[in-house]
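Every number here is computed from the coordinates shown, using simple stated rules; none is lab data. Just so it is clear, the structure is predicted and the values come from calculations on it, not from any experiment. When we count neighbours, we look across all protein chains shown, and the Cβ atoms used for this are built from the backbone with ideal geometry, even at glycine.
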């Protein structure tokens, strides 16, 4: 397993991006498009598409992020550059390898 952050060493940017992804996912479920959201959020459609996967993190991974216990390699930048699998077991394997 990769290096773990010290307790309380929260990645506030990652937490903020996870929260945004949840809000954006709710807007998509309500019928908005990526383009609609991008226009109101002053960001790109591509950025929303990259970040939306954060809304589907396994509950234990989400808990670890909130508690600052995620592997050091798990950051917003990493999440933007890598596809996060929808399967929670696959997520755990991928993140454990960081």
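Descriptive notes on the structure:
- Helix 12-29 axis, angle to the chain major axis (alpha carbon atoms, nearest 10°): 40 degrees
- Inter-part distance, segment 74-98 to segment 46-62, computed on C-alpha centroids, equals 9 Å.
- Label-to-label distance for residue 90 and residue 77 is 2.6 nm, based on points extended 7 Å past Cα in the beta-carbon direction.
- Gain on full extension, evaluated as 0.36 nm per residue between residue 44 and residue 22 minus their Cα-Cα distance, stands at 6.2 nm.
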